[in-house]
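Please read the structure below before turning to the comments.
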Amino acid sequence: MDRTPTTRQQLGDWFMRQTPTSGVRRVTSLGAAIGSDRGLIREENQDRVAVARGRDKAGRNFAIAAVADGIGGMSAGGACASDALAALFATTFWNAQQSENPEIWLQAAFVEANQFVHAKH
């Protein structure tokens, strides 16, 4: 179901960007905050987190938040976490335009994210 490769690639690149070793970002319009810290042992934080808002096929607003644990110490842990979130978000947003049932979008998005990471890594 590779309908979102461009969006997925752009999101994956964004999730792999260099970030500070620790920090907190507020997502005020959603009443959320995101915090992260690589700790004292690891050289990089392989965890990824994202929050986004969108509209479904019927024009209803929705929000999605997801965390991908990068399996610290794994050579491509950060890339796997980035790819998982990229596939999850790209597929969710594509599916939101195809169906009005969020349960269907999310189930398909989790399957797609899992398959994409396994196929790529």
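With the requirement that a residue be in contact with a Phe, Trp or Tyr (Cβ under 9 Å, 6 or more places away or on another chain) and closer than 16 Å to residue 117 by Cβ, what does the stretch 50-72 give you?
Result: 50, 66, 68.
Table: residues versus (1) among the polar types (S, T, N, Q); (2) under 15 Å from residue 47 (Cβ atoms); (3) in contact (Cβ under 8 Å) with a residue 40 or more places away in the chain.
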position	(1), (2), (3)
67	no, yes, no
85	no, yes, yes
96	no, no, yes
110	no, no, no
114	yes, no, no
121	no, no, yes
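From the set of residues in the stretch 35-69 that are under 16 Å from residue 11 (Cα atoms) and not in a strand (DSSP E or B), which is most open to solvent (accessible area, probe 1.4 Å)?
Residue satisfying both the conditions and the ranking: 47.
Out of the residues in the stretch 68-85 that are touching a strand residue (DSSP E or B) at 6+ places or on another chain (Cβ under 9 Å) and of a type in the set (Gly, Ala, Ser), state the one that is modelled with the highest pLDDT.
84
Between a first residue in the stretch 51-65 that is closer than 9 Å to residue 96 by Cα and a second residue that is in a strand (DSSP E or B), which pairs have beta carbons less than 7 Å apart while being 6 or more apart in sequence or on different chains?
54/62; 55/61; 56/62
Check whether at least one residue in the stretch 99-108 is under 12 Å from the mean Cα position of the chain (by Cα), open to solvent by less than 30 Å² (accessible area, probe 1.4 Å) and either within 20 Å of residue 54 (Cα to Cα) or at pLDDT 95 or above (or both), and report yes or no.
Scanning the stretch 99-108 turns up no residue that is under 12 Å from the mean Cα position of the chain (by Cα), open to solvent by less than 30 Å² (accessible area, probe 1.4 Å) and either within 20 Å of residue 54 (Cα to Cα) or at pLDDT 95 or above (or both).
The values are calculated or read from the model by the stated rules, or taken from the named source; none is laboratory data. Every value quoted in this text rests on a predicted model; they were computed, and no experiment measured them. Positions of Cβ are generated from backbone atoms using ideal geometry, with glycine treated the same way; all protein chains shown enter the neighbour counts. Note: areas computed on protein heavy atoms with side chains; ligands, DNA, RNA excluded. Shrake-Rupley method; radii C 1.70, N 1.55, O 1.52, S 1.80 Å.
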